[in-house]
Amino acid sequence: VELVVPDNLNPERVTPQSLFILLGVYGDVQRVKILFNKKENALVQMAEGNQAQLAMSHLNGHKLHGKPIRITLSKHQNVQLPREGQENQGLTKDYGNSPLHLFNNNGGVVKGFKFFQKDRKMALIQMGSVEEAVQALIDLHNHDLGENHHLRVSFSKSTI
């Protein structure tokens, strides 16, 4: 577990969900907390230290909502969730059981992700190896996403 601190965020536009998606490109995001008294800062808990390093090296200095973001490692070990009944204002979110981790949780590593331009119900996911892709297909094809929706997984020759 490793924590990164994105700062210089745009407090009017940034949300836990947007940080989850952005940093999720580089690894398994467990929790996101936008600081209550300093909304241009956040804490993002990644599953592995190398994922935090990847996010830092790829995102540091790049613009998000018109501002260059800085990403540093935190001295904290994890993101504290609000206590029961404590006001949160939607600033802290636990993504530990998110269905968006499906492809990482089967032991594989997602190397790339891209939605289809014409149909955003479909996407390409590039796994770390053919073996990981085969295992992901076996484990995740027909996975129940709830509300009578099931995941369809197949191989593609398209590239990301």
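When Leu35 is tested against the conditions (1) buried (at least 18 other Cβ atoms within 10 Å of the Cβ); (2) farther than 13 Å from Ile71 by Cα, the lone failure is (1). Could we say that Gly61 is within 19 Å of Gly112 (Cα to Cα), small (Gly, Ala, Ser) and either at pLDDT 90 or above or not in a strand (DSSP E or B) (or both) here? Judged against the criteria, Gly61 is not a match.
If the condition is being under 20 Å from Val25 (Cα atoms), without any contact (Cβ under 8 Å) to a residue 12 or more places away in the chain and not small (Gly, Ala, Ser), then the stretch 120-158 contributes Arg120, Lys121, Met122, Val130.
Taken over the stretch 3-25, the criterion of being surrounded by 22 or more Cβ atoms within 10 Å (Cβ to Cβ) and not aliphatic (A, V, I, L, M) is satisfied by Pro6, Gly24. Just so you know, in the stretch 134-153 the residues that are touching a helix residue (DSSP H, G or I) at 6+ places or on another chain (Cβ under 8 Å) and under 14 Å from Lys121 (Cβ atoms) include one that is modelled with the lowest pLDDT, and it is Leu145.
Can you find a residue in the stretch 67-75 that is of a type in the set (Ser, Thr, Tyr), at pLDDT 85 or above and not in a loop (DSSP other than H, G, I, E, B)?
Here is the first cut: in the stretch 67-75, the ones of a type in the set (Ser, Thr, Tyr) are 72, 74.
Checking the rest, the ones that are also at pLDDT 85 or above come to 72, 74.
Okay, now just the ones that are also not in a loop (DSSP other than H, G, I, E, B), so 72.
Among the residues of the stretch 67-75, at least one is of a type in the set (Ser, Thr, Tyr), at pLDDT 85 or above and not in a loop (DSSP other than H, G, I, E, B), which makes the answer yes.
The values are calculated or read from the model by the stated rules, or taken from the named source; none is laboratory data. Computed from a predicted structure; not experimentally measured. Positions of Cβ are backbone-derived with ideal geometry, glycine not excepted, and every protein chain shown enters the neighbour counts.
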